[in-house]
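The values are calculated or read from the model by the stated rules, or taken from the named source; none is laboratory data. Values in this document were obtained by computation on a predicted structure and should not be read as measured data. Cβ atoms come from the backbone with ideal geometry, glycine included; neighbour counts cover every protein chain shown.
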Amino acid sequence: MFCAKCGTENQEDANFCRRCGNRLRKTLTEEFNVAAKDLVSKIQDLINEGNITHIVVKDEQGKILLELPATVFVVGAMLAPWMAALGAIAAIATNCKVVVERQHG
């Protein structure tokens with residue numbers, strides 16, 4: 001697999017270019033409007049699907065409240081503090097927008 005940005009040849013299973021760091025795999029972005037009371041369960045459902053690489057939670061005005069990187073999904077023990085933060089967000093927000101990045105292909 002060749003990097004579209006710098007042309008470096010990478011291994012077929014690589015997600016990022018070894019030279020410039022450019023993302024090699026295609027991603028699909030989805031947005032969901034979620035009531036705050038359903039926020040934690042929606043995030044848990046998304047994580048259980050398994051192909052999520054990044055989750056961003058925004059308020060009604062589009063301000064980022066929380067970002068969950070892919071490393072959080074890999075190490076399950078790190079997930080507990082993030083879920084507690086989601087619970088706190090759900091307590092102060094009325095509606096949230098969840099932006100999900102999935103690995104495609």
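Residue pairs whose Cβ atoms lie under 9 Å apart, separated by 6 or more positions or on different chains, with the first residue in region 16-41 and under 27 Å from Asp59 (Cα atoms) and the second of a type in the set (Asp, Glu) and not in a loop (DSSP other than H, G, I, E, B), are Thr27/Glu101; Leu28/Glu101; Thr29/Glu101; Glu30/Glu101.
Just the residues that are part of a strand (DSSP E or B), surrounded by 12 or more Cβ atoms within 10 Å (Cβ to Cβ) and modelled with pLDDT of 85 or more, please, taken from region 17-58.
The initial filter retains those residues of region 17-58 that are part of a strand (DSSP E or B), namely 23, 26-35, 52-58.
Next, from what is left, pick out any that are surrounded by 12 or more Cβ atoms within 10 Å (Cβ to Cβ): 23, 27-28, 32, 34-35, 52-58.
Phe32, Val34, Ala35, Ile55, Val56, Val57, Lys58, listed by residue number.
Has region 81-91 got any residue that is of a type outside the set (Gly, Ala, Ser), out of contact with any Cys (no Cβ under 6 Å at 6 or more places or on another chain) and modelled with pLDDT of 85 or more? No - not one qualifying residue is present in region 81-91.
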